[in-house]
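Before any comments, here is the structure.
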Amino acid sequence: MRLDKFLCHATGLSRSRAQGVIRGGQVEVAGVLVRKPSQSIPSGAEVWFRGEPIALSGKRYLMLHKPTGVICATEDAQHRTVLDLLPAELRRGLHIAGRLDADTTGLVLLSDDGEWTHRITSPRRGCAKIYRVGLAEPVAADTQARLAEGIMLRNEDKPTLPAELEVLGPQEVLLTLHEGRYHQVKRMFAALGNRVVTLQRERIGALTLDPALAPGQYRPLSDEEVALF
Ligand code: URA
């Protein structure tokens with residue numbers, strides 16, 4: 001593995017920060033100062049950062065900016081999956097913590113730590129998911145009240161949990177959900193006589209999609225971000 005990639009995954013630094021600290025002479029491999037971010041690490045070599053040994057943590061925690069046209073599955077014969085956006089050495093054993101539709105963009109969390117992903121997806125915990133929604137029609141005056149009361153979706157026997165609405169513009173809102181039903185945002189707005197035309201997940205709990213990530217890019221989470229769940 002390249003030294004900059006190793007440093008990212010071992011410390012949670014972004015790729016550009018990792019390259020900066022390597023060029024700045026803060027990293028040693030097998031006792032030798034290395035200033036070349038692309039240097040590959042011989043297997044078994046110790047890596048030291050700011051005078052401390054570092055190692056790849058046993059667990060991987062990633063955020064990814066899902067583009068449209070990519071599906072949230074770990075494998076699929078026909079479509080590109082979110083795992084296809086990751087280097088092969090990172091993919092093994094990853095779970096997706098909350099799926100998005102193929103045409104939805106935004107924050108997807110992935111980890112091989114099943115207890116961590118369960119804390120995000122467990123209905124009992126009601127972890128908030130915040131979506132930026134573009135609508136075909138202007139937001140009706142009673143939308144906020146109806147979302148707060150809960151909406152009965154077609155073919156379901158329980159209304160949705162109270163959801164919070166922030167109106168950003170005549171046809172743009174932020175919607176906070178505390179559950180994750182199939183196509184939930186689209187079905188909620190359909191039940192209200194509107195139609196979702198764009199959908200992006202911006203936040204899960206207290207973790208916001210990193211604005212530095214372009215669609216299709218990912219980065220490891222820092223320890224502080226992992227500890228949010
Ligand atoms: N609700 C939807 O309708 N689609 C998504 O991808 C996520 C939430």
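The values are calculated or read from the model by the stated rules, or taken from the named source; none is laboratory data. Please read these numbers as outputs of a predicted model, since none were measured by experiment. Here the Cβ positions follow ideal geometry from the backbone for every residue, glycine too, while neighbour counts run over all protein chains shown. Protein only, heavy atoms only, side chains kept; ligands, DNA and RNA dropped before computing areas. Shrake-Rupley method; radii C 1.70, N 1.55, O 1.52, S 1.80 Å.
Numbers for the structure displayed
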| quantity | calculated |
| --- | --- |
| Value at 222 nm in deg cm²/dmol, rounded to 500, when DSSP H runs of n ≥ 4 in the chain each add -39,500 (n - 2.57) | -5500 deg cm²/dmol |
| Cα gyration tensor category, rounded, prolate or oblate, for region 3-54 with a/c compared to 1.5 | rounded |
| Protein accessible area in the chain, 1.4 Å probe - carbon and sulfur % | 49 percent |
| Separation in nanometres of the label points that stand 7 Å from Cα toward Cβ, at residue 164 and residue 17 | 2.7 nm |
| GNM result for the chain, Cα springs below 10 Å: residue of 153, 177, 207 fluctuating most strongly | 153 |
| Solvent-accessible surface (1.4 angstrom probe) belonging to residue 115, in square angstrom, nearest 10 | 130 Å² |
| Residue 99-residue 195 pseudo-label distance in nm [points 7 Å out on the Cα-to-Cβ vector] | 2.5 nm |
| For region 173-229 versus region 65-93, the gap between their alpha-carbon centres in whole angstrom | 18 Å |
| Candidates per GluC sites (Glu not before Pro) in region 40-111, loop by DSSP, up to 16 other Cβ within 10 Å | 46, 75 |
| Size of the chain as Cα extents on the principal axes (Å, biggest first) | 66, 33, 32 |
| Rounded accessible area per residue of the chain, 1.4 Å, Å² | 53 Å² |
| Percentage relative contact order, the chain, counting C-alpha pairs under 8 Å, at least six apart | 21 percent |
